[in-house]
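Notes to accompany the following structure.
The values are calculated or read from the model by the stated rules, or taken from the named source; none is laboratory data. Quick caveat: nothing in here was measured; it's all calculated off a predicted structure. In this analysis, Cβ positions are derived from the backbone assuming ideal geometry, glycine residues included, and neighbour counts consider all displayed protein chains. Protein only, heavy atoms only, side chains kept; ligands, DNA and RNA dropped before computing areas. Shrake-Rupley method; radii C 1.70, N 1.55, O 1.52, S 1.80 Å.
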Amino acid sequence: MNENLFASFITPTMMGLPIVILIIVFPTVLFPSTNRLINNRLIAIQQWLIHMTSKQMMAIHNPKGQTWALMLMSLILFIGSTNLLGLLPHSFTPTTQLSMNLGMAIPLWAGTVVLGFRHKTKASLAHFLPQGTPLPLIPMLVIIETISLFIQPMALAVRLTANITAGHLLIHLIGGATLALLSISTATALITFIILILLTILEFAVALIQAYVFTLLVSLYLHDNT
């Protein structure tokens, strides 16, 4: 019980060197590819899920936006698998680090914005000033729209970080309470243990939902700029 509550969020090291890069690369091993004519059930289910998600997410895009399909599918697979692996005991979740989430959000957001200014310059500039704005409000609205544009990657990163971190903290706290109550009241400890199981199931859902939400918002930013 004396363990630091935030110890699980500290970047792991081996012989004094951070091994976070190995942890980030590890989820790619879970998605093997095959050259066989007939795939096994696991790869068939994997390809079906990827195809279904890609079809749903790319339905709103024009041909120019659909060129991002591979990147968006890689993104949702990476975030989802990283979040799920982080639920294992004694594991580390890279997506609890705001720096890493910003490292994913800022380049993707910047790519969509640059694409918009390159191919839809007038429409992109028009977003800074809605039609029919009174003349005295023009400077204030331009500043507000500019701030809202630059806050989009921050919102992406903070949303993912906050949801994953909060879930891990809740599991840690309820797990510690279950161990503490085990020697005091077995019935109460059993109730908290059931709550812990339900919360863990919820966190599995949250891990996948947050991966989908992050990728979907990037897809919507892309749709607005293509």
**Asked** Mind checking which residues of segment 145-165 are of a type outside the set (S, T, N, Q) and either open to solvent by 50 Å² or more (accessible area, probe 1.4 Å) or in contact with a strand residue (DSSP E or B) (Cβ under 9 Å, 6 or more places away or on another chain) (or both)?
**Response** 145, 147, 150, 151, 154, 158, 159, 162
**Request:** Evaluate segment 111-125: report whether one residue or more is farther than 10 Å from residue 225 by Cβ, open to solvent by less than 70 Å² (accessible area, probe 1.4 Å), touching a helix residue (DSSP H, G or I) at 6+ places or on another chain (Cβ under 6 Å) and of a type outside the set (Phe, Trp, Tyr).
**Result:** no
**Item:** Near pairs, Cβ below 9 angstrom, 6+ apart or cross-chain, from segment 96-122 (part of a helix (DSSP H, G or I)) to any residue that is among the acidic types (Asp, Glu) and open to solvent by 30 Å² or more (accessible area, probe 1.4 Å)
**Value:** 112/224; 116/224
**Item:** Options 183, 219; residue that is in contact with a His (Cβ under 8 Å, 6 or more places away or on another chain) and small (Gly, Ala, Ser)
**Value:** 219
**Asked** Tell me, which residue of segment 177-203 that is in contact (Cβ under 8 Å) with a residue 24 or more places away in the chain and surrounded by 15 or more Cβ atoms within 10 Å (Cβ to Cβ) is farthest from the chain's Cα centre (by Cα)?
**Response** 196
**Selected residue (criterion: nearest to residue 105 (Cα to Cα)) from residues of segment 204-215 that are small (Gly, Ala, Ser) and open to solvent by less than 30 Å² (accessible area, probe 1.4 Å)** = 211
**Request:** Kindly provide the set of residues from segment 72-101 that are out of contact with any Leu (no Cβ under 8 Å at 6 or more places or on another chain) and surrounded by fewer than 17 Cβ atoms within 10 Å (Cβ to Cβ), ordered by number.
**Result:** 74, 88, 89, 90, 98, 99
**Asked** Regarding residue 132, is this residue small (Gly, Ala, Ser) and open to solvent by less than 60 Å² (accessible area, probe 1.4 Å)?
**Response** no
**Prompt:** Among the listed residues 181, 160, which satisfies the condition of being farther than 28 Å from residue 101 by Cα and touching a helix residue (DSSP H, G or I) at 6+ places or on another chain (Cβ under 8 Å)?
**Reply:** 181
**Asked** Just checking, which of 60, 38, 106, 45 is closer than 30 Å to residue 168 by Cβ, more than 19 Å from the chain's Cα centre (by Cα), aliphatic (A, V, I, L, M) and open to solvent by 60 Å² or more (accessible area, probe 1.4 Å)?
**Response** 45
